[in-house]
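Written below as structure tokens is the structure these notes are about.
Taken together, the values in this text are just the output of simple stated rules run on the coordinates, not laboratory data. Everything numeric in this text was worked out from a predicted model, so none of it was measured. We place every Cβ from the backbone using ideal geometry, glycine too, and count neighbours over all the protein chains shown.
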Amino acid sequence: QVQLVESGGGLVQAGDSLRLSCAASGRTFSIYVMGWFRQAPGKAREFVAAINWSGGTTYYADSVKGRLTISRDKAKNTVDLQINSLEPEDTDVYYCAANSRRVIFTLQYDYWGRGTQVTVSS
């Protein structure tokens, strides 16, 4: 089992930056990729970014390229998501996920955190 805990969400203003963090514990040696997803009320959860745990290759949704940066610290077992130039449309619950399988862009991840709320005011 892998446990994931997100932090760093909150209420910010449009144009601000925010850094979300996800701390992983448990069988972290089994992780192939870690990702960030987001979900607005009444909408489907969608892929935002992911990073290969071993090699560090990063993947981004086209809609967020250029504004988001995903990074990982293997020594601390954390994955961060830096979001710049926040827009009201970025208001969502952001979820961290970990996968032992080579699945990156879909929701088929093995482990999920409980999410952290990001609210962007205009």
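The figures follow:
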| quantity | calculated |
| --- | --- |
| For the stretch 59-71, 3J(HN,Hα) per residue [Karplus equation, 6.51 cos²θ - 1.76 cosθ + 1.60, θ = phi - 60°, Hz, x = Gly/Pro] | 9, 9, 5, 4, 5, 10, 4, x, 9, 10, 9, 9, 8 |
| Whole-angstrom Cα spans of the stretch 57-122 along principal axes, big to small | 38, 25, 22 |
| Under 29 Å from residue 43, Cα to Cα: lysines that are on another chain or at least 8 residues apart | 65 |
| Two-decimal Rg to Rh for the stretch 1-56 - Kirkwood Rh, Cα set | 1.02 |
| For residue 50, net neighbour charge (Lys/Arg +1, Asp/Glu -1) across residues whose Cβ lies under 14 Å away | +2 |
| Cα→Cβ-extended label distance, 7 Å offset, between residue 54 and residue 82, nm | 2.7 |
| nm² value of the averaged projected area, convex hull over the Cα atoms of the chain | 6.8 |
| Neighbour count of at most 11 Cβ within 10 Å plus DSSP loop: longest trypsin sites (Lys or Arg not before Pro)-free window in the chain | 1-42 |
